[in-house]
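As structure tokens, the structure follows; a few thoughts come after it.
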Amino acid sequence: MHLNSQLVFRKYAPPCFADYQRVLEIGPDGFPSTYQRAVNNPSLRWETLDITDDPRLTYRTRDEYVFPIPSNQFDVVVSAQVIEHVRKTWVWLSEVARVCKPGGYVITVNPVTWGYHEAPIDCWRIYAEGMRALYDEAGLEVEHCSSEGLEPWTSQWPARLRMFRKLLTGGKPPASGWPPVIDTITIGRKPLHQLRVA
């Protein structure tokens, strides 16, 4: 998981987690995941879902738009670097909202300036206003949404810039400068009155 994604998560997401909550992470990058380690609360019941066959997952699905989970189950639903790989983001986010408890949080982190990366497909780059629209369509109330680059400029950047240039422009130099790494983090709540049934 790239550094900026971790930094925006650590800046905004920790207040969403409280002791003994039930958490679902969609598309974890490991067991425990980067974000589970960042939250660092052993009292949480941290469950996982993905479209892979990894036996360490709590839930496995073949259909990215249908989760094998009853409605209204989780206090927090987290996904980072996932939504860009979903063709119909509005359908997917509605399913994410369905499994969240009323009053619970949905947290998404997604790249804005990252290069093309299949997993198994790569479809979207979504700024804050786009994520607000998707959350609204899913019936979620946005509490925070921003597109930010928090990574410090380091000696790693020249190599990264060459890689990004190759990925994004096919080897051609950009017209002006180079964009920093930017991710959008969106935190929303499922309204208490919204009892969605499977």
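Numbers for the structure displayed
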| quantity | calculated |
| --- | --- |
| Any hit, segment 160-178, residues being of a type in the set (D, E, K, R), assigned to a loop (DSSP other than H, G, I, E, B), modelled with pLDDT under 85 and over 23 Å from A38 (Cα atoms) | yes |
| Within segment 53-84, tally of residues that are more than 22 Å from I185 (Cβ to Cβ) and of a type in the set (V, I, T) | 4 |
| Any hit, segment 83-105, residues being more than 26 Å from W46 (Cα to Cα), touching a residue at least 40 places away in the same chain (Cβ under 8 Å) and surrounded by 14 or more Cβ atoms within 10 Å (Cβ to Cβ) | no |
| Strands (runs of 3 or more DSSP E) wholly inside segment 1-99 that include at least 2 residues being under 22 Å from C145 (Cβ atoms) and touching a strand residue (DSSP E or B) at 6+ places or on another chain (Cβ under 7 Å) | 22-26, 74-80 |
| Unique match (being open to solvent by 20 Å² or more (accessible area, probe 1.4 Å), over 22 Å from G27 (Cα atoms), part of a strand (DSSP E or B) and at pLDDT 95 or above) among E143, E129 | E143 |
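The values are calculated or read from the model by the stated rules, or taken from the named source; none is laboratory data. Everything numeric in this text was worked out from a predicted model, so none of it was measured. So basically every Cβ, Gly included, is an ideal-geometry build from the backbone, and we count neighbours across all protein chains shown. These accessible areas exclude ligands, DNA and RNA; they are computed on the full protein's heavy atoms, side chains included. Shrake-Rupley method; radii C 1.70, N 1.55, O 1.52, S 1.80 Å.
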